[in-house]
Each structure stands twice: as structure tokens, then as C-alpha cells.
Amino acid sequence: HIGMFDALIPLRLLPKKILKFTTIPAATERWEKDSKIISFIMDFFVGAYPFANQGPWIKASMEATGELADQAYTFVIAPEGRFQRENRLQPFQTGLGFLAKELKLPVIMVKIDENYREIWPSPKTNDHAADPRFYKPLKKSTVKIKIKSADINPSLSEEKLTKNIQKQFENL
């Protein structure tokens, strides 16, 4: 998850009929700790919903995601589960393997070129939401992306499937 606005890139690529039923499971801290403006943007413009990636609310988050999947929603997921701080790919969370295996959701990988960092640098702390400079791009530029469907092997464990998807992403 290379930045706050990286999820907007695949949203801009989706046809309107799919976009209508697209949502983003986003870390609950976006609603708990960030400004009211960010919460408003996440709710009304991005179509995100709070997703607990740790603690006792994980089960409820997964159940809500399952209900949305049953309603044929498309998900835009940052499989790392948090922003990159080091400008390098972090391990994917095993929830990705769970969604692919148990909910039988396809995984379409969207890899954003590193020049994205020239537009929006990596946040160094979790305090970026309070800093208005974080929301202004440093320059205008073209961002190249690569898109590919991941090969899903349902015989793998959720953990191994997640690692397999990450390897496919790295080789994209």
C-alpha cells in the first residue's frame, strides 16, 4: 500500500457498472484517528468501510466482507494492510489468501510504478492524516500500472496462497 491515494488508481479504471458495486476495506484507524474530513472522503467518495486488521473485531470485519461478497461486490484491497514506510513491499496479510480461498474471490493485481513516490512520497509516521501537505501532490506526472489476474491454487493453505500471490505480484 504505497500511499493514501493509490486505491483511486484502480477505481478510475473500473467500468461504471462494476464501480457501482465496489468497496474498499480500509483500516479502522482511518475513522478512529484521522480527521473528520478523511472519514467523510472515505465514506462518501471512495466507498470504503472500516476493516479491523487486528484485535477482536477481525471476525466481524471478515463477516461483513463475506456479506458484501455474497452481494457480488468488488473489493479494492491493499494486501499489505498498511502504508509502506520504507518504500519497499511489505508482507501481504493472510486475509488475502482467506478471501481468495474461502470466499472464492478472484484476485486482480494492480501494480503501480515506483514513480508514484515522486508525486506522493511515503508517509514516515501515522501522523500524516493531520498534515495537510500530505494531500497535495508534489508534481503532476503519469503513473504507469500493470494489471494481471493472479493464479489461485485452492489446494494451498491460506498462508501459502498469500505468499504465492505476493510472489506473483513481485514478478509482475
> How many nm separate the modelled label positions at LEU172 and SER141, each set 7 Å beyond the Cα in the direction of the Cβ?
Replying inline: 2.0
>> Under the rule of at least 5 residues apart or a separate chain, name every residue whose amide H is placed under 5 Å from the amide H of VAL107.
In response: ALA150
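Each reported figure results from applying straightforward, stated rules to the coordinates on display, with no laboratory input. Since the structure is predicted, the reported quantities are computational estimates derived from the model, not experimental observations. When we count neighbours, we look across all protein chains shown, and the Cβ atoms used for this are built from the backbone with ideal geometry, even at glycine.
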